[in-house]
Structure formats: structure tokens, C-alpha cells
Amino acid sequence: MFPTVREVLGLVPVRHGAPRLVAGDAGLDRPVRWVHVTEVPDIATLLGGGELVLTTGIGLPADDAGLRAFVGDLADVGVSGLVVELGRRYVGGVPRVMAAAAERRGLPLVELRRATPFVRITEAVHALIVDAQLTELRATEEIHQRFTELSVEGAEPAEVLRQAAELAGCPVVLENLSRQVLAYDPAGENAELLLDGWEQHSRRIRPAGRTAYDPDSGWLVTTVGARGQDWGRLLLRWPAAEAAPPTRLTILIERAASTLALGRLIRRDAEGLERQIHRTLLTALIDHSRPVDEVALRAKALGVTLDRRHLVGVVVRHRSDDPAGDVGPDGHDDPGTARRRDPEAVGPEAGPARLRDLAEAVGQAVREANLTALTSAVDDHAVGALLALPDPAAEERALAAFAAALRRVRLDAAPPRPPTPRPARPTDGAGRAAATGGVRPVDGAGRGAAPGPTRPVDGTGRGGAPGVVRPVDVSARPAVVVAAGSGVSSLREARRSLVEARQIAEAARRDPRDLPCFRLPHVGLAGLLHLLRDEPRLQTFVERELGPLLTYDAQHPREQLLGTLRAYLEQGRNKSAGAVAAHLSRPAFYERLARIGRILDADLDSVDQCLSLHVALLALDAVRTP
């Protein structure tokens, strides 16, 4: 916002005085906040820093010690520079002791070898400052107007960051609480260099406050969140590390963070931010709206590696386009169908709600099957997934696991059905079942009271609820179809696999056959954490439990104490077994455990604290695993 000493020396009134820099050339880029004229030696006590001091020298001390003290006091208070007009006190030049003191303190010292009215200099400099302040005010007004429009329009995070980078002229990165990149704009710089090793780099950025500048890293940082729930950080890289960023950039990053937080609140019931980015990338592949290299880089920043992977396009869609016509995975009503079949419940929101349910089910199935994929809705009735597999040999196994996981997720979501009323069997006078009849009696809990015919089965061939007779509908089919395209080895061919999968899904809607279904083992704690991996409170828990250790490892990459803690906990807190698993001697292993305890301020002999740390480790794995 303010002109520098170098710029002031280039002004016409200053050049009229034939200026010559005597000392302190290292400080020529200091900003000049104001111009002050003085002829008294003790002026430093009246200054606030950033002033350019003008003097003829007539009131300066005559002795060397006094001149050194005068220069030292000005440097201590933080003035930008000292300009001395020759002719009244000093004729040939300023005293050498003054020049030496200014050079030693890095204070620019300038001689004016021709008489110059100081008022012209002050007018010119102050005009620059006022113009800069007006420019800053206009820029601030534009920032407010731009982000207000983005908030009203409900702009996507990528657009918010693009506008922020354009206004700032600097790279901008949005990350979650686990230091994974959600969106970014490199502002014309190399994106790969910007994001290389981001998590470790981000953990070294530790600003002092909710919005603050970290001079060691050169990043201006603000927390993103609303209503007391923080879910990310917005970072802006300021290239001039020697000076703090101007106020307008602080205003800009805070307004951008507010726009992002407001957008997330508005879309909270629809989809999470990560899911929005998945949809953007998957749509970009299908529509060719973004370069393939950019999609790969953005996906990698989000934690989904697509380069050098075997890619398979998968599409899951409802058989019926009508929300009221769904059939569930067990041959009966799909979760929520009974509600939608109520004429008053089936409205314009039923279709989007059903699609969101399906998209969430597909996302959960991908996580439960431990697959890496981009997943999102691809049209009004279908959800797509681009599976990234290590090699072609894993394709069939991965597809089977995904189909089985999807069936399990949708079955678990089905609400319990009340028993169907059935006619009572005649009883004799003692209340016992009569000898005639086709259905065995039931007790009060619905269990068979005595051996009798085999209990009926439902439409999938499984045993129905005891005491409930369900008709077997041989024509019942699952409410959704799962289709996969041909596997490809390049991201440039992924569109072909996705389009092929969509076509297969459309053709299979009326096919009476069912896809293979495999049940998954019971999902334990790791599975639950995978389901909660996008929850900010889980990410906050991980940071609270493991944050100091993760920061330590980022600063000491050769030690990696997190692996030592993992070995200790995975071996049931058996130190000898943990040392073997970590490939360390027992003394070295014990010393590392002691250091971990100090870093985390935790007692590693405590069962409760170790349990909490182990859960945090599992949660960290869930957050880091796409």
C-alpha cells in the first residue's frame, strides 16, 4: 500500500535535489508510511515507525557520539530512511561517522546536494500514500462485492478459489483438517511443485491465530468453518517473505473462507465438499471439460491416485425412473419406497433424494470394499465410479467385492418391516393348537411353539421372519443394476470405460437376471471409521490425539515415530514383539516409546490412553485411504 524509499527517490521533487545514497542500500525497499521534517535530535520519541525523516542537520549534535546516538534512535524506532539536505550544516557531505552508523544499522541515508523545498517532497509522497490507500479501499470494495456475488450464486469451491487467486495474484489452497487438499488454484505457477509433499509441508505451517501470517513458510492462513465447527484451512502464499502481506489480502482470504463456509452450510444436506469435487472430476472425464493431466493432479491432491493404475468404469442405476416404483434388494420395497408410494410423499424432491441415497450407498460400498475410486452422480438416475486398481488381475475380484458391498449397504439401510397379520389357527379348549391346519402355532415372541413345517422363505430364498408368511415373488429383482465397462490402462481412455458402463446399465434395466452377490465379513471399527472419514469431528479427534507426533515426524522425516507407535499398539502393547515388528533393538524401541510419550504427553502403559491412540491411528488410516 505504501511507496518504498526507492520509489520516493525517483519522484520529481526529490530528483530536483540531486539525491545521492550514502549508506543503507539494503533498506531501499522499506515502505514509507509518512514524511516527517525535523531539526531536533530527540525526534525519535515522537515517531511511530515507517517515516521518512527530512532534515537540514542544523540541530543535530556536533560530536560523534551524539550523531551515532541520533542514527541509532531512528533505527530503533523503525524509520524508513533519513534524508539530509546539504548547504546549511553540512557542505561537502554528511559526517563519515553518521554514514558508518547508518550503514551498520541498515538505515538508508540520502544526501540532497541541491536546495529543495521540503514541502514539495512531502506533498508528492503523501499524494502517493493517499492514492495507494484509495486503491486499497477500491480493491477491498471489489473483494466484498465479488465474494458477495459468489455467495449469492452458490459458487463451487473451485470457482471461489479461482476468484481469490485472481484477485490476490498468489496461489491459494483449500485443505481439510487432515491436511488433504480439497481444492487449489496455482495462479499460473507449477501446480505439481505447489502440491508436492503437501501434508508434511502443511504441518509445518503453524500460524498464531485463526487468521495469521506464518513468515517462516510465507503462507497466510485462515480457518474455514461456521457455527463453531471448523472443517478446513484456506492458505494463500505470499511471495514477499520479508514483509507481511497487505491488509487487503487478509480481508480477501477471510471473505473467501466465509464464502466457502456459507456454501457448505447451504449444501450440507445435499453432499459433502469432497463428494462435490469427486463429481466435478468424474464429470470432467466424461465431458472432456478439463485436461486429463489436470484431473489426475486434482484427484491425487484429494487422495485418489489415477496415474499408472488399471481403471474400470462402474455405473449403478435404478431400474425404474419412477421413485414410487422401486423394488428393494431383497425383492421387496426399497428403503424409503413405502414413504414415496404415499401420493402425498412423492413430490419433486423424491427423485433427487433417491439419487443422493444411491450415491451415498455407492460411496460407502467403495470404502467397505477397500477400493480407490472417484464416485458421483452422472445423471438424474445413475451414479458412476471410476475404480483405480493396482493391476488388471485385481479387476474381477474388485468388481465382485464392490457388488457385494453395495448389496450389504443397501440391505442394512432397509427399515424393519412389521409382521404381516395371519389368521389364527383354531385351538382346543386348553388353548393348544388343533390337530388340523396348515401353519404351526407361534408363541408370544413369534417363535414356533412346536416342531412343524419348515418356516417360509422370502423372495431371496432366505428364511423369513418366524411367524410371518411372505409370498415368494419369483419375478422380484433388485432395485438397482451394477454395470462395469472394460478396464483401461490410461486415464485418457477412462471416458470410454465409463460411457460403456452407462450403456450397459441402461440396457440391463429390464434384464431378469441378477448380478453376482457376495456378502462381506462383519465390519469392525476400521469400517466404521471409514464411514466417518469425512466427518470434521473425527478429523479433529485425530489431530488432537496424534497432531504433535505428526508434526514431529514432518520435521524429522528420518525418524517417523508414528510407525513405532503403530508397531507397539498392533502388537498388543508388547514391547518385545513391537521392537521385532519395528525392526529395532529393544533399547532403541524403548527410547522411542519414551520420546513418543513425551511428545504426546501420554502414558503408553495406560490401557485407556493406548486405546484412544489406537483408534486415532485407525481413523488416520481411514482419512488417508481414499
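Here are a few things to note about the model shown:
- A simple packing score, the average count of other Cβ atoms within 10 Å per residue, orders the peptides 129-139, 169-179 as 169-179, 129-139, with the highest score first.
- In this structure the amide hydrogen of residue 22, modeled in the peptide plane, comes within under 5 Å of the amide hydrogens of 109, 110, 111, none closer than 5 places in sequence on its chain.
- Gyration tensor verdict on segment 1-143 (Cα atoms; rounded if a/c is under 1.5, prolate if a/b is larger than b/c, oblate otherwise): prolate
- Modelled label reach - residue 612, point 7 Å along Cα→Cβ, segment 544-561 residues with backbone N closer than 12 Å: 544-546
- Rg(Cα) / (2.2 N^0.38 Å) computed for segment 140-235, rounded to two decimals: 1.08
- Remark: segment 2-83 is approximated by an ellipsoid whose semi-axes, taken from the C-alpha gyration tensor as √(5λ), come to 21, 15, 12 Å, largest first.
- Annotation: amide H-H contacts under 5 Å for residue 480 (H modelled 1.01 Å from N, sequence separation of 5 or more, or interchain): 319.
- Near the amide H of residue 182, within less than 5 Å, lie the amide hydrogens of 174, 175, 176, all on another chain or at least 5 residues away, with H placed in the peptide plane.
- DSSP finds beta bridges in segment 1-155, and of those with both partners inside it, around 30 percent are antiparallel.
- Evaluated at q = 0.16 Å⁻¹, a Debye calculation over the C-alpha positions of segment 53-109 (equal weights, vacuum) places log10 I(q)/I(0) at -0.41.
- The modelled label-to-label distance between residue 26 and residue 535, using points 7 Å beyond Cα along the C-beta direction, is 5.5 nm.
- Heavy atoms of residue 90: accessible area, 1.4 Å probe, square angstrom to 10: 20 Å²
- Length gained when the stretch residue 137-residue 46 is fully extended (0.36 nm per residue, less Cα-Cα span): 29.9 nm
- Orientation-averaged projected area, Cα convex hull of segment 180-227 (nm²): 4.1 nm²
- Prolate is the label for segment 8-55. Its Cα gyration tensor axes, ordered a ≥ b ≥ c, give a/c of at least 1.5 and a/b above b/c.
- In order through segment 185-197: 3J(HN,Hα) via Karplus (6.51 cos²θ - 1.76 cosθ + 1.60), integer Hz, x for Gly, Pro: 9, x, 6, x, 8, 6, 5, 5, 5, 5, 9, 5, x
The values are calculated or read from the model by the stated rules, or taken from the named source; none is laboratory data. Everything numeric in this text was worked out from a predicted model, so none of it was measured. Cβ coordinates were reconstructed from backbone atoms using ideal geometry, including for glycine residues, and neighbour counts include every protein chain displayed. These accessible areas exclude ligands, DNA and RNA; they are computed on the full protein's heavy atoms, side chains included. Shrake-Rupley method; radii C 1.70, N 1.55, O 1.52, S 1.80 Å.
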